Amino acid sequence: MFLSIFDIFKVGIGPSSSHTNGPMIAASMFLQSLKTASDLSLDTRSISRITCTLHGSLAFTGKGHSTDKAILYGMAGLTPENFDPDRIVKIKNELSQNDYISVNGFSSVRFCPESDIIFDYGPALKQHANGMIFRVFDADGNLCGSKTFFSIGGGFVKSELELGITKEALNSKEIPYPFSTAEEMIQLASANNISISKMKKDNELVFITQDELNTGITKIWADMKKSIQDGLHTDGILPGGLKLRRRAKALYKSLNSEKGLNSTAPHVVNDWIALYAMAVNEENAAGGKIVTAPTNGAAGVIPATLMYYLEHVPNSDPNKIHDFLLTAAAIGGILKSNASISGAEVGCQGEVGSAAAMAAAGLCSVLGGSAAQIENAAEIALEHHLGMTCDPIKGLVQAPCIERNGLGAIKAVSAASLALRGDGIHLVSLDACIKTMFETGKDMMVKYKETSQGGLAVNVIEC
């Protein structure tokens, strides 16, 4: 299955791609299906009420991830792409005056989040841990229709029908370098004497123009860089009730004060790497604008690794930014197609682990690594995240998530460096590691998969 770089990297609103952006998108998709009456066979004039029931991880950590707000904003017509803070103020004003909002496109339908968003704390829907069911009722309270959506990670949303479509059915166009596994990727690169980034680029150009690709990738990095800069210059307390202080600004000031000192230890570069990642994830935790990479919860790893290359590697070349991101996206597509990037499905190994693998591959690429070395770098990074649980305290994407991104970026840099010291030949393949990650995630107890029912979420006293 071909996944574009713009599927892997897309603008998102914090704090979560699967729990905030996904539900907002799902609400928008549901309203669109109502307007077209495409699969509900419904006379829209009879609609009096719409409800949304959240299941599984969306229910257990929905409050901390602002899932309820995301559904509300989606009902008001907002998506991550058109997200407008000024519009949010108007929505909140309407809600404070009336206890409801008018549903976008259905002025006679009132949506009250207190009664129309339902948190179901029972077992998750069998198809996926992040399920939500939208229902419509007439004026007499009779159920007129329903539709189920799943937020499957990274802002990807599928209806119940779409979730059952096979990978083969999704391949509508032929691409010059088709690969769905790391082994196929390496074989194609070797047979054609071509880099992974060039293969990914040529595949993208089947769907869009060269100018569109260049403009899009340039914007991805601009948005990533802005999230770093915003995080470096903002302090205060993060929302949500943990009273967690933003640390990036103070850390940035401290590290800048040590620049040029002969006594600075070499390992301090790790603090810079962690700083860049933490800056992004503090922005995410505050509900700011970031780039899913491949998720919001893991959004800091790839920008931090790329910023490390640009700011700390001698003779780094800004012209290689596109190669970095194209290579990272190629690995992300393999991960998404063969496993999962959803913390609710496989734990944080699927989020920060995947991001670290992608970042390691991207860095190895711009440092001159071969296809085999790039695959090795991605494998090392992912292997040493295997088994990592997702246990956010109070359901917030703050602790351990913010620091975890910093350590994920450090691992990515180390993995790329180790791979470059070798010849690409190694024991565990990336494909085997991805398979193991997915199987480990399936075996993982539900309480460790973004439900905040285990791990740090129950062992740290809330202040």
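What are the residue pairs meeting all of these: first residue in region 186-209, first residue farther than 14 Å from residue 4 by Cα, second residue among the aromatic types (Phe, Trp, Tyr), Cβ atoms under 7 Å, and 6 or more apart or on different chains?
Correct list of pairs: 188/177; 188/179.
Just for region 443-452: of the residues that are among the hydrophobic types (A, V, I, L, M, F, W, C) and either part of a loop (DSSP other than H, G, I, E, B) or assigned by TED's automatic domain parsing to the domain that holds residue 151 (or both), which one is surrounded by the most Cβ atoms within 10 Å (Cβ to Cβ)?
444
Residue 265 - would you say it is on the phi < 0 side of the Ramachandran plot, modelled with pLDDT under 95 and of a type in the set (A, V, I, L, M, F, W, C)? Walk me through it before giving the result.
On the way: on the phi < 0 side of the Ramachandran plot: yes; modelled with pLDDT under 95: yes; of a type in the set (A, V, I, L, M, F, W, C): yes.
Yes, satisfied.
In this structure, does residue 6 turn out to be assigned to a helix (DSSP H, G or I) and either crowded, with 19+ Cβ neighbours inside 10 Å or within 18 Å of the chain's Cα centre (by Cα) (or both)?
Values: assigned to a helix (DSSP H, G or I): yes; either crowded, with 19+ Cβ neighbours inside 10 Å or within 18 Å of the chain's Cα centre (by Cα) (or both): yes.
Spelling it out, residue 6 is indeed assigned to a helix (DSSP H, G or I) and either crowded, with 19+ Cβ neighbours inside 10 Å or within 18 Å of the chain's Cα centre (by Cα) (or both).
Rundown of residues vs (1) aliphatic (A, V, I, L, M); (2) farther than 26 Å from residue 306 by Cβ; (3) under 22 Å from the mean Cα position of the chain (by Cα), yes/no style:
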position: 159; (1), (2), (3): no, yes, yes
position: 174; (1), (2), (3): no, yes, no
position: 177; (1), (2), (3): no, no, no
position: 196; (1), (2), (3): yes, no, no
position: 202; (1), (2), (3): no, no, no
position: 205; (1), (2), (3): yes, no, no
position: 213; (1), (2), (3): yes, no, yes
position: 217; (1), (2), (3): yes, no, yes
position: 228; (1), (2), (3): yes, no, yes
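Any idea which of 50, 88, 118 is in contact with an Asp or Glu (Cβ under 9 Å, 6 or more places away or on another chain) and either without any contact (Cβ under 8 Å) to a residue 40 or more places away in the chain or of a type in the set (A, V, I, L, M) (or both)?
On the way: 88 fails: in contact with an Asp or Glu (Cβ under 9 Å, 6 or more places away or on another chain); 118 fails: in contact with an Asp or Glu (Cβ under 9 Å, 6 or more places away or on another chain).
Only one candidate qualifies: 50.
This table checks each residue for (1) farther than 20 Å from residue 308 by Cα; (2) under 18 Å from the mean Cα position of the chain (by Cα).
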position: 369; (1), (2): no, no
position: 372; (1), (2): yes, no
position: 380; (1), (2): no, no
position: 383; (1), (2): yes, no
position: 388; (1), (2): yes, yes
position: 393; (1), (2): yes, no
position: 400; (1), (2): yes, yes
position: 405; (1), (2): no, yes
position: 410; (1), (2): no, no
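Those residues that are among the β-branched types (Val, Ile, Thr) and either assigned to a helix (DSSP H, G or I) or closer than 16 Å to residue 437 by Cα (or both), I need them from region 377-418; list them, please.
380, 389, 393, 402, 410, 413
Give the residue that is surrounded by the fewest Cβ atoms within 10 Å (Cβ to Cβ), with candidates limited to residues of region 419-442 that are among the small types (Gly, Ala, Ser) and assigned to a helix (DSSP H, G or I).
This residue is 432.
For region 93-101, check the following and say yes or no: at least one residue is out of contact with any Leu (no Cβ under 9 Å at 6 or more places or on another chain), more than 24 Å from residue 394 (Cβ to Cβ) and crowded, with 16+ Cβ neighbours inside 10 Å.
Yes, some residue in region 93-101 is out of contact with any Leu (no Cβ under 9 Å at 6 or more places or on another chain), more than 24 Å from residue 394 (Cβ to Cβ) and crowded, with 16+ Cβ neighbours inside 10 Å.
When you check residue 41 against the structure, is it part of a loop (DSSP other than H, G, I, E, B) and either surrounded by fewer than 17 Cβ atoms within 10 Å (Cβ to Cβ) or at pLDDT 95 or above (or both), yes or no?
Yes, satisfied.
Could you pull out the residue among 141, 122 that is at positive phi and not assigned by TED's automatic domain parsing to the domain that holds residue 199?
Going through 141, 122 in turn, just one is at positive phi and not assigned by TED's automatic domain parsing to the domain that holds residue 199: 141.
Here are some conditions: (1) modelled with pLDDT of 95 or more; (2) more than 23 Å from the chain's Cα centre (by Cα); (3) of a type in the set (Phe, Trp, Tyr). Residue 106 meets all but one. Which one does it not meet?
So the condition that residue 106 fails would be (1).
Among all residue pairs at least 6 apart or on different chains, which show Cβ distances below 9 Å where the first residue, located in region 431-442, is assigned by TED's automatic domain parsing to the domain that holds residue 180 and the second is of a type in the set (S, T, N, Q) and surrounded by fewer than 19 Cβ atoms within 10 Å (Cβ to Cβ)?
431/181; 431/338; 434/181; 434/338; 435/338; 438/338
Does residue 403 satisfy the condition of being surrounded by 24 or more Cβ atoms within 10 Å (Cβ to Cβ) and among the charged types (D, E, K, R)? Give the steps one after another, and end with the answer.
Details: surrounded by 24 or more Cβ atoms within 10 Å (Cβ to Cβ): no; among the charged types (D, E, K, R): yes.
In short, no.
Considering region 293-315 alone, what residues qualify as being over 15 Å from residue 408 (Cβ atoms) and either in contact (Cβ under 8 Å) with a residue 12 or more places away in the chain or not in a loop (DSSP other than H, G, I, E, B) (or both)?
The answer is 309, 310, 311, 312, 313.
With part of a loop (DSSP other than H, G, I, E, B) and surrounded by 12 or more Cβ atoms within 10 Å (Cβ to Cβ) as the only criterion, which of 134, 83 stands out?
Going through 134, 83 in turn, just one is part of a loop (DSSP other than H, G, I, E, B) and surrounded by 12 or more Cβ atoms within 10 Å (Cβ to Cβ): 83.
Name the pairs whose Cβ atoms lie under 9 Å apart, with the first residue in region 367-381 and more than 10 Å from residue 426 (Cβ to Cβ), the second aromatic (Phe, Trp, Tyr), and 6 or more positions between them or separate chains?
367/309
If I ask for residues that are touching a Leu at 6+ places or on another chain (Cβ under 8 Å), within 16 Å of residue 324 (Cα to Cα) and small (Gly, Ala, Ser), which ones from region 178-203 would you list?
Within region 178-203, just 197 meets the criteria.
Yes/no per residue for (1) among the aliphatic types (A, V, I, L, M); (2) assigned to a strand (DSSP E or B):
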| position | (1), (2) |
| --- | --- |
| 70 | yes, no |
| 87 | no, no |
| 108 | no, yes |
| 126 | no, no |
| 129 | yes, no |
| 140 | no, no |
| 145 | no, yes |
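How many residues, within region 44-68, are crowded, with 23+ Cβ neighbours inside 10 Å, more than 18 Å from the chain's Cα centre (by Cα) and part of a loop (DSSP other than H, G, I, E, B)?
The number of residues fulfilling the criteria is 2.
The values are calculated or read from the model by the stated rules, or taken from the named source; none is laboratory data. Every value quoted in this text rests on a predicted model; they were computed, and no experiment measured them. A quick note on method: Cβ atoms are made from the backbone with ideal geometry, for glycine too, and the neighbour counts reach across all protein chains shown.
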